[in-house]
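Visitor: Let me give you the structure first, and then I'll get to my questions.
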Amino acid sequence: MKGVVLAGGTGSRLNPLTRVTNKHLLPIYNKPMVYYPIQTLVNAGIEEILLVTGGKNAGDFLRLLGNGRDFGLEHINYTYQEGEGGIAQALGLAEYFAGNDSICVILGDNIIETNVCQAVQNFKKQKDGAKILLKEVPDAQRFGVAELRGNHVIGIEEKPGNPKSNYAVIGIYLYDKTVFEKIHRLVPSGRGELEITDVNNFYVEEGKLTYEVMDGWWTDAGTFESLLRANILVSETGANKMSLADVGPRHGAGFWGTRPSATI
């Protein structure tokens, strides 16, 4: 399995912080934001990684990451997304890199408390199709929401007024090699972008989209509120832990997944 980190976009919701740098280079506690998704892949045993970026600061990633020595890697691959065509378009740039291998895709502003090791192992047993990671949230209408039946996802709605579940689709996806054929079939949405939800729904139509629910907390860092949340969570509990036994005392009870009894 190969890994893809999507770290493009303009980060307009974080202006003026992103006026002179890429969002994914902003600090989350004591590390640049992009370190966390890369570490998520490395912790899952994925050593072949492609970073997709764009904008005016793409060269800064090379200066920061080099060949991945900070992560114990021998090499990191890079590619460039021109303009803003959406998550699925950015993922499409990984087609040559992926070849016939399956891939684990993570958005560059997604930070998790634990790891995706079990999800990766379960997906390898699945043989084909796709798997998405979910998290139960109190405000599901803000996210893509999964409708579930048994071990499978039977539908995904973007920001629904009446969510069919409380399970939000977070920015970590596992795909077989057919994902690129599905991307080629996409048409731009009303936003003028190729949507990753449409890719996932292609797998739904095939009956081949499974899911895992994340342990520990999860947050993105694409708004001022979530950027602050990410900094607080990482400073208080750390991130990318390899087992729940590493999860220490919880604080900051207002944040997703910070209470031991919570389901979020």
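The values are calculated or read from the model by the stated rules, or taken from the named source; none is laboratory data. All of these numbers come straight from a predicted model, not from anything done at the bench. Glycine gets a Cβ as well: all are built from the backbone with ideal geometry, and neighbour counts include every protein chain shown. The area values use the complete protein model at the heavy-atom level, side chains included, leaving out ligands, DNA and RNA. Shrake-Rupley method; radii C 1.70, N 1.55, O 1.52, S 1.80 Å.
Visitor: In the list Leu107, Leu41, Leu91, Leu6, which residue meets the criterion of being within 21 Å of Glu181 (Cα to Cα), in contact (Cβ under 8 Å) with a residue 40 or more places away in the chain and out of contact with any Leu (no Cβ under 6 Å at 6 or more places or on another chain)?
Guide: It is Leu91.
Visitor: Please go through the range 140-156 and pick out each residue that is in contact (Cβ under 8 Å) with a residue 24 or more places away in the chain and farther than 20 Å from Asn110 by Cβ.
Guide: Leu148, Asn151, His152, Ile154, Gly155
Visitor: Let me ask something else about it. Across the range 18-33, which residue is farthest from Met242 (Cα to Cα) among those that are assigned to a loop (DSSP other than H, G, I, E, B), at pLDDT 95 or above and not polar (S, T, N, Q)? Lay out the reasoning, then the answer.
Guide: Step one: filter the range 18-33 for residues assigned to a loop (DSSP other than H, G, I, E, B), giving 18-22, 26, 29-30, 33.
Imposing the further condition that a residue be at pLDDT 95 or above reduces the set to 26, 29-30, 33.
Now restrict to residues that are not polar (S, T, N, Q): 26, 29, 33.
Working: Leu26: 24, Tyr29: 19, Met33: 19 Å.
This residue is Leu26.
Visitor: How many residues, within the range 13-33, are open to solvent by less than 70 Å² (accessible area, probe 1.4 Å) and among the polar types (S, T, N, Q)?
Guide: 3
Visitor: With the range 130-200 as the region, which strands (runs of 3 or more DSSP E) entirely inside it contain at least 2 residues that are open to solvent by less than 80 Å² (accessible area, probe 1.4 Å) and among the charged types (D, E, K, R)? Can you show your working first?
Guide: On the way: elements: 130-136, 144-149, 152-158, 167-175.
In the range 130-200, 130-136 are the strands (runs of 3 or more DSSP E) which contain 2 or more residues that are open to solvent by less than 80 Å² (accessible area, probe 1.4 Å) and among the charged types (D, E, K, R).
Visitor: Here's another thing I want to ask about it. Of the residues that sit in the range 99-125 and are open to solvent by 20 Å² or more (accessible area, probe 1.4 Å) and part of a helix (DSSP H, G or I), which one is farthest from Asn151 (Cα to Cα)? It would help to see each step written out before you state the result.
Guide: Of all residues in the range 99-125, those open to solvent by 20 Å² or more (accessible area, probe 1.4 Å) come to 99-102, 107, 115, 117-118, 121-122, 124-125.
Among the residues that remain, those that are also part of a helix (DSSP H, G or I) are: 117-118, 121-122, 124-125.
On the way: Cys117: 18, Gln118: 15, Gln121: 15, Asn122: 12, Lys124: 15, Lys125: 14 Å.
Among them, the one singled out is Cys117.
Visitor: Let me ask you something else. Kindly indicate the residue of the range 34-67 that is in contact with a Ser or Thr (Cβ under 8 Å, 6 or more places away or on another chain), open to solvent by less than 40 Å² (accessible area, probe 1.4 Å) and assigned to a helix (DSSP H, G or I) and also farthest from Val116 (Cα to Cα) among those meeting that condition.
Guide: Asn57
Visitor: Right, here's the next one. Quick test for you: out of Tyr78, Tyr96, pick the one residue that is open to solvent by 40 Å² or more (accessible area, probe 1.4 Å), modelled with pLDDT of 95 or more and not in a helix (DSSP H, G or I). Spell out how you get there, then give the answer.
Guide: Values: Tyr96 fails: not in a helix (DSSP H, G or I).
Going through Tyr78, Tyr96 in turn, just one is open to solvent by 40 Å² or more (accessible area, probe 1.4 Å), modelled with pLDDT of 95 or more and not in a helix (DSSP H, G or I): Tyr78.
Visitor: Check Gly68, Gly59, Gly83, Gly129 and return the single one that is in contact with a Gly (Cβ under 9 Å, 6 or more places away or on another chain), of a type outside the set (Ser, Thr, Tyr), without any contact (Cβ under 8 Å) to a residue 40 or more places away in the chain and farther than 19 Å from Ala168 by Cβ.
Guide: Gly83
Visitor: What pairs can you find where one residue is in the range 178-198 and farther than 17 Å from Cys104 by Cα, the other is of a type outside the set (A, V, I, L, M) and open to solvent by 40 Å² or more (accessible area, probe 1.4 Å), and their Cβ atoms are less than 6 Å apart, with a gap of 6+ or different chains?
Guide: Leu186/Asp198; Leu194/Gln89
Visitor: Could we say that Gly254 is at pLDDT 90 or above, surrounded by fewer than 20 Cβ atoms within 10 Å (Cβ to Cβ), part of a loop (DSSP other than H, G, I, E, B) and among the small types (Gly, Ala, Ser) here? Walk me through how you get there before you give the answer.
Guide: Working: at pLDDT 90 or above: no; surrounded by fewer than 20 Cβ atoms within 10 Å (Cβ to Cβ): yes; part of a loop (DSSP other than H, G, I, E, B): yes; among the small types (Gly, Ala, Ser): yes.
Here the answer is no, as Gly254 does not meet what is asked.
Visitor: Does Asp60 satisfy the criteria of being under 22 Å from Asp220 (Cβ atoms) and among the acidic types (Asp, Glu)?
Guide: yes
Visitor: Going by the conditions given, is Glu157 acidic (Asp, Glu) and closer than 15 Å to Ala88 by Cα? Before you say what the answer is, go through the steps one by one.
Guide: Working: acidic (Asp, Glu): yes; closer than 15 Å to Ala88 by Cα: no.
Answer is no for this residue.
Visitor: Mind listing whichever residues of the range 37-55 are of a type in the set (S, T, N, Q) and out of contact with any Phe, Trp or Tyr (no Cβ under 8 Å at 6 or more places or on another chain)? I'd like the intermediate steps shown before the answer.
Guide: Within the range 37-55, the first condition is being of a type in the set (S, T, N, Q), and the residues that meet it are 39-40, 43, 53.
The answer is Thr40, Asn43.
Visitor: While we're looking at this one, here's another question. From the list Leu244, Leu233, Leu228, which residue is modelled with pLDDT of 95 or more and surrounded by fewer than 18 Cβ atoms within 10 Å (Cβ to Cβ)? Don't jump to the end; show me each part of the working.
Guide: On the way: Leu244 fails: modelled with pLDDT of 95 or more; Leu233 fails: surrounded by fewer than 18 Cβ atoms within 10 Å (Cβ to Cβ).
Residue meeting the stated conditions: Leu228.
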